[in-house]
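The values are calculated or read from the model by the stated rules, or taken from the named source; none is laboratory data. Remember, predicted model here, so these are calculated numbers, not experimental data. Please note: Cβ atoms are built from the backbone with ideal geometry, for glycine as well, and neighbour counts cover all protein chains shown.
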There are 2 protein chains.
Amino acid sequence: MPSPLDVERRKSRVPPRELAYVLHQSQSYVEKLERLERLLVHDPVFNHKKMYYLTRGEQYKRATQMAGRAEIIARRTNLSEEDTALLHVVLQGFTGCPSSTALHTGMFIKNLGLLFTEEQQAKWMKMAKQWRMVGCYAQTELGHGSNVRGLETTATYVPATDEFEIHSPTLTSMKWWPGALARTANFGVVYARLLLGGKDYGVHNFMVQLRDLETHDAMAGVTLGDIGPKIGFNNVDNGYCTFDHVRIPRDQMGMRVATVTRQGAYLKNSDVPQEVLYFTMLQTRMSYIRSSGLALAKACTITIRYSGVRRQGYDANHPDSKEELGVLDYQTQQYRLFPLLAAAYAITLTGNQVDAFSLQLANQIKRGDLSMLVVGHAMSCGLKVLTSEIACNGIETCRRACGGHGYLLSSGLPVLLGDNLQMVTAEGENFVLCQQTARALLKVHGQFQSSGRLPSAMQFIANIGKASRAQPRSKNQWLELDTYVDVFQQRFLHSLRGLLGKVSLESSIAAGIQNNSMHCYKLSNAYTFLVLVNNFVEAIRPTSTKVLPALQLLCTLFALTQLEAAAGEFMESGCVFPSEMPIIRANIEDLLKLIRPHAVTLVDGFNFSDHTLNSTLGRYDGNVYEALYESAQHDPLNHSSDKVALHELLRPIRDEIARESASKSRL
Amino acid sequence: MPSPLDVERRKSRVPPRELAYVLHQSQSYVEKLERLERLLVHDPVFNHKKMYYLTRGEQYKRATQMAGRAEIIARRTNLSEEDTALLHVVLQGFTGCPSSTALHTGMFIKNLGLLFTEEQQAKWMKMAKQWRMVGCYAQTELGHGSNVRGLETTATYVPATDEFEIHSPTLTSMKWWPGALARTANFGVVYARLLLGGKDYGVHNFMVQLRDLETHDAMAGVTLGDIGPKIGFNNVDNGYCTFDHVRIPRDQMGMRVATVTRQGAYLKNSDVPQEVLYFTMLQTRMSYIRSSGLALAKACTITIRYSGVRRQGYDANHPDSKEELGVLDYQTQQYRLFPLLAAAYAITLTGNQVDAFSLQLANQIKRGDLSMLVVGHAMSCGLKVLTSEIACNGIETCRRACGGHGYLLSSGLPVLLGDNLQMVTAEGENFVLCQQTARALLKVHGQFQSSGRLPSAMQFIANIGKASRAQPRSKNQWLELDTYVDVFQQRFLHSLRGLLGKVSLESSIAAGIQNNSMHCYKLSNAYTFLVLVNNFVEAIRPTSTKVLPALQLLCTLFALTQLEAAAGEFMESGCVFPSEMPIIRANIEDLLKLIRPHAVTLVDGFNFSDHTLNSTLGRYDGNVYEALYESAQHDPLNHSSDKVALHELLRPIRDEIARESASKSRL
């Protein structure tokens, strides 16, 4: 008998392999990822069946071992630097969150190259690449997160010895949160206020040794510790650190942007473009888009496969049938899952386009052309916010759609959720970041007003004067791709006009943004939904006829369900009539039925291996119940005495009752 | 210098104590809860500062010890049965999720009284109340959750020995999920299909001994285990169990509803009202309303207090100010938190009304009056769904509004979230349960059509024929309490009309509900929001002038923000014009400013002790940074060697690089 998922796969003629090539840019890239994964999975270090049953200390140990092992494999197989980086991405696919050393390569080495002069780099870069020096980036403090200007750690120049003294003057100045700080790093790039002759020059970067290279003991004056367990990211040793008058040589300040001379004079290096530093933050934000797409795609794969296996309840349309109905045939299940599947496609495809855009932008900046930076800023802020929220909220929706079993760690969904929840508050808290999107959009609009020119990616702002609206659309018109681009554009322009009006009443643009920050949040999302819808339409245009019809269904569903979710905003902007909603919903219900036979194939297109998913419910073969039972056998509770209830709970009460009766009989 | 929260508290003249009396029904009840809490907190067993740093095995042990200790304290202090139950509620306040033995008292003993005859009860009830017998309720199976009819475990009558043979015929028939099954219980009420002479009589309850009373060893043929760690509820040992032809005496079937004779004949006991069983499920669902309100209130208390302490960024309205701006003064923070604060009040107040209604309903049913049961059904299903979702989504919103620190377990928010997330899938998965609300509403409407009569709580259905709508309202009209009751009613009636139309096209009501299950979900919520808004308006009417104005602000904010969130639905129903949205939003922004000075006082009104909150961020004194640091000192990682990175990670790579260089030099 074919398994339930085989039956599902036979319902669709869409080739999942071709979907994978569209989603992951090319056949060769898909094949490379598969090759790299094979390099890892045959090594027993990467067996992670017990992952959900480990203590946090064990999780940290497992992740550090895997990262080290991957690095060794990369060196033994002579992988290029690019492929080594990709190998770590593949590894992160199984470990869920990065290992602490991913911060060493991804953040510490990157900052070393960015903030320090070539002379300084010569001293450390080799050690860092050989992992003798393993570093962290220590910016945030116990009392200071997103506002870097408020940091309190000091770096006071001591001319007598030609040193800086790094010091934590208050409790709130304690470094708190940096990953790899608690246990892994022996060096840190520390953000501190530069004090020269009593004058505060603001925050700068300093290379500070935290631990002895051989013994791994904390250096004198440095106190290190772990900040405790988290809702996710428990592979990483996020730490705290205080400095008690720790001295470092003068030449350990990051001297690329500014120099302190032997005499204690401060020299700004005017030849270093500030935009280069700024662009790194932009790139980091952009990397969240791909992470969001992957995370949501994993959740959809797990949940849609499980829904293709699970049967529950009886079909009221066939009251005589004795067989239970497949969960994927319930309308509410489709309504919850298929729009998320469409969103996972939308975000992944936009991720590809953003990567290409980011490369183009980097080349422009190198040539000194900064004209596209404001678009990159708006796009990276807006997309980071929106895609991280769609992904996190979507993973939780998937988890709930798995019923009780989604509550088990072995389903894979709780850890997927926990690890990704950091995205909404890290690298610019989402509600703060939306103000950046709004600021960039106001800037583009201001340039348009003064010069009449707009960046090519923002031509639609030219329509801001037209308060146009279409006539009510027919049911079929609501299925045309151009319709969505138009209505999402009108919704966005209405929101932008609204903010322009509000800001014009305020004392400054900054005050206008702060006092209307909720409007900024909505504007940022209105803009970004337009980007996502537009990119989806563009991305599928050149695809083959084997996959195009299915992708069009997903694209339409994405646009219509997002419209339905924010229907009030669209109506308010005048581009959708309240009376059109029944037509829109009827289209959505039709689309759900049309997507239904392709659902399992569409998630197969993401091409996750069982090893990467690490989910009892998301297995390719659909043997979920065997997997649940087998996984539970790894539970340490099933390998320890179960007499605790007897000794800790039942006996004390029995004894108490005995004492009570005894004392009563004495009376 | 006064602490930031002292400053906040001085901004409001609303007495928090009086808020507590309104929220928790009466002064005497508040004082009783405080007295019971004092009974516990002085005992070191209840110290739970290390709670967030325990392994799951330790969490289970801690919770069982606390529950046992509370029971002993209750007996020593001669608490009444009612106060003992309340003491366990207070205990659950600190432990987050119930201990496994709460299921013994709350579910096992209850079912013993409900499903078994008085004769049967006489045999077991004393043992159960003395906790010699500790039981669980074993219904769900690996492959069978909400659909009880699909359960597979069998209970076959064996006339030769006058026994039932309990058996698990398949993998999917394995009992899976019952709390207290893995380690705690020595008896279980097991749901199994009754087979008599080859005929299937459907599922019935059987009392099965699982473990030896003295040794706690599993009985022959019984295999027990733990199903693994979960996203929450990790105090509870949810377990699995299989039965391999386990024999029990015939008189261990629950004989209250039906009897099996010595000859194997099946006799239905017609004198036992089915509604009594049904009412227990209804009461369990109703208990989720209070739990949801409490959980959301905790999250709001933690987050609003922390936001009253935390400063971040500078005020663009005062560009010269050097001091950072308090987070509670940001519009987005208010927009995220105050509507949730209002929702926590709304749910808590409705919880009080539902408790009173439930008592009234119980008395009616005892008198054989079942007229209100359908209202109770609609209300309990609708409220369980909506309040659990508002609470869970709201806790996560609060967690995000705490920025990075909300990601730490020590903030209290991740565990609060995890423990409460079970509510959306347990006791009737929310999307399934909404079909019950819809069915009950259709039934009431059907009775109205045939008899012209409506239950008093559903009189508003009489307006279903009026497709009325008001003229556009002025800004002030949108602040009148009657306005919301009217618009929420119109939205609900529009949705009900819509479902009636759709169901009329289908082959049966059941098919109509199944094929329009998404409409049922929306209808259920539209109905329940009306209930919440209406109850809020009614609940605050009699309150004193010291608290009434603040409560009116919250009530208005609750209604307006819920309206804004679903604006499309209101517009579609015709009771709100798209052009009214700017007025509605302006009112919301005004309300946020008016509530701002009372925010900390309004959460103080929930009257949670620091012990109950167990949150570094939610402390009454606002010393959050001290608390974060102190809490991290309990982290086991800070009490173990941090050399793991050196040995497991750095050394292997250094050695590999050394080998590589050696092999290269050999070439």
Boolean, A:R453 is modelled with pLDDT of 90 or more, surrounded by fewer than 23 Cβ atoms within 10 Å (Cβ to Cβ) and not in a helix (DSSP H, G or I): yes
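Could you list all residues from region B:334-358 that are within 14 Å of chain A (Cβ to nearest Cβ) and either without any contact (Cβ under 8 Å) to a residue 12 or more places away in the chain or surrounded by 24 or more Cβ atoms within 10 Å (Cβ to Cβ) (or both)?
B:Q334, B:L337, B:F338, B:P339
Given A:T601, A:T612, which one is away from chain B (no Cβ under 14 Å), under 18 Å from A:L416 (Cα atoms), modelled with pLDDT of 95 or more and within 28 Å of the chain's Cα centre (by Cα)?
Working: A:T601 fails: under 18 Å from A:L416 (Cα atoms).
The match here is A:T612.
Tell me the helices (runs of 4 or more DSSP H) entirely within region B:527-621 that contain at least 3 residues that are within 19 Å of B:V309 (Cβ to Cβ) and polar (S, T, N, Q).
Values: elements: B:548-565, B:567-573, B:581-595, B:599-604, B:610-613.
Qualifying helices (runs of 4 or more DSSP H): none found.
Among the candidates B:D226, B:D251, which residue alone is within 23 Å of A:H647 (Cβ to Cβ) and charged (D, E, K, R)? Before the answer, list the steps.
On the way: B:D251 fails: within 23 Å of A:H647 (Cβ to Cβ).
Of B:D226, B:D251, the one residue that is within 23 Å of A:H647 (Cβ to Cβ) and charged (D, E, K, R) is B:D226.
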Exclusive hit being among the β-branched types (V, I, T), within 30 Å of A:Y53 (Cα to Cα) and touching a Ser or Thr at 6+ places or on another chain (Cβ under 9 Å), set B:T242, B:T301: B:T242
Residue list for region A:54-106, filter: surrounded by fewer than 20 Cβ atoms within 10 Å (Cβ to Cβ), over 22 Å from A:V30 (Cα atoms) and under 19 Å from the mean Cα position of the chain (by Cα): A:G106
In region A:137-158, residue nearest to the chain's Cα centre (by Cα) [restricted to those that are of a type in the set (S, T, N, Q) and within 23 Å of A:A265 (Cα to Cα)]: A:T153
Test set (1) modelled with pLDDT of 95 or more; (2) more than 12 Å from every other protein chain (Cβ to nearest Cβ) - A:H216 fails condition number: (2)
Counted residues, region A:279-315 - those being within 14 Å of chain B (Cβ to nearest Cβ) and farther than 26 Å from A:P414 by Cβ: 2
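Looking only at region B:137-159, filter to residues that are part of a strand (DSSP E or B) and not hydrophobic (A, V, I, L, M, F, W, C); which one of those is surrounded by the most Cβ atoms within 10 Å (Cβ to Cβ)? Give the derivation first.
Keep residues of region B:137-159 that are part of a strand (DSSP E or B), which gives B:137-138, B:141, B:144, B:154-158.
Still in the running and not hydrophobic (A, V, I, L, M, F, W, C): B:137, B:141, B:144, B:154, B:156-157.
Values: B:Y137: 24, B:E141: 27, B:H144: 23, B:T154: 19, B:T156: 17, B:Y157: 23.
Filtering first and then ranking leaves B:E141.
Can you tell me which residue in region A:494-518 is surrounded by the fewest Cβ atoms within 10 Å (Cβ to Cβ), limited to those that are hydroxyl-bearing (S, T, Y) and over 17 Å from A:V385 (Cβ atoms)?
Of the residues in region A:494-518, the ones hydroxyl-bearing (S, T, Y) are A:495, A:504, A:507-508, A:517.
Subsequent filtering for residues that are over 17 Å from A:V385 (Cβ atoms) retains A:504, A:507-508.
Working: A:S504: 9, A:S507: 12, A:S508: 12.
Checked region A:494-518; the qualifying residue surrounded by the fewest Cβ atoms within 10 Å (Cβ to Cβ) is A:S504.
Residue by residue, here is whether (1) under 20 Å from B:Y330 (Cβ atoms); (2) part of a helix (DSSP H, G or I); (3) free of Cβ contacts under 8 Å to residues at least 60 places away in the same chain holds:
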| position | (1), (2), (3) |
| --- | --- |
| A:M458 | no, yes, no |
| A:I464 | no, yes, yes |
| A:R473 | no, no, no |
| A:Y484 | no, yes, no |
| A:R491 | no, yes, no |
| A:L500 | no, yes, yes |
Counted residues, region A:395-446 - those being within 11 Å of chain B (Cβ to nearest Cβ), of a type in the set (S, T, Y) and either touching a strand residue (DSSP E or B) at 6+ places or on another chain (Cβ under 7 Å) or part of a helix (DSSP H, G or I) (or both): 4
Close pairs from region B:277-291: first at pLDDT 90 or above, partner basic (K, R), Cβ under 6 Å, at least 6 apart: B:R285/B:K384; B:Y288/B:K384
Pairs with Cβ under 8 Å, 6+ apart, first in region B:644-667 and more than 18 Å from A:H216 (Cβ to Cβ) and surrounded by 15 or more Cβ atoms within 10 Å (Cβ to Cβ), second among the aliphatic types (A, V, I, L, M) and modelled with pLDDT of 85 or more: B:E656/A:I72
Those residues of region A:622-663 which are at the interface with another protein chain (Cβ under 7 Å from one of its Cβ atoms) and outside any helix (DSSP H, G or I), in sequence order: A:D635, A:S640, A:D642, A:K643
Residue within region A:199-213 that is within 14 Å of chain B (Cβ to nearest Cβ), among the hydrophobic types (A, V, I, L, M, F, W, C) and out of contact with any Leu (no Cβ under 6 Å at 6 or more places or on another chain) present: yes
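I'd like the full set of residues that are among the aliphatic types (A, V, I, L, M) and closer than 24 Å to B:V45 by Cα, limited to region A:616-667.
We begin by selecting, within region A:616-667, every residue among the aliphatic types (A, V, I, L, M); these are A:617, A:624, A:627-628, A:632, A:637, A:644-646, A:649-650, A:653, A:657-658, A:662, A:667.
Correct list: A:L637, A:V644, A:A645, A:L646, A:L649, A:L650, A:I653, A:I657, A:A658.
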Search result, residues across region B:253-282 that are assigned to a helix (DSSP H, G or I) and buried (at least 18 other Cβ atoms within 10 Å of the Cβ): B:F279, B:L282
Residue satisfying condition, being hydroxyl-bearing (S, T, Y) and closer than 30 Å to A:G143 by Cβ, within set B:T301, B:T242, B:T259: B:T301
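On the given criteria, is B:E564 within 11 Å of chain A (Cβ to nearest Cβ), of a type in the set (D, E) and surrounded by fewer than 23 Cβ atoms within 10 Å (Cβ to Cβ)? I'd like the intermediate steps shown before the answer.
Working: within 11 Å of chain A (Cβ to nearest Cβ): yes; of a type in the set (D, E): yes; surrounded by fewer than 23 Cβ atoms within 10 Å (Cβ to Cβ): yes.
Answer is yes for this residue.
Is it the case that region A:520-532 has a residue that's of a type outside the set (K, R), without any contact (Cβ under 8 Å) to a residue 40 or more places away in the chain and more than 16 Å from A:F460 (Cβ to Cβ)?
Checked region A:520-532: no residue is of a type outside the set (K, R), without any contact (Cβ under 8 Å) to a residue 40 or more places away in the chain and more than 16 Å from A:F460 (Cβ to Cβ).
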Index of the failed condition, B:C434 passing every other in (1) in contact with a Gly (Cβ under 9 Å, 6 or more places away or on another chain); (2) within 30 Å of B:K49 (Cβ to Cβ): (2)
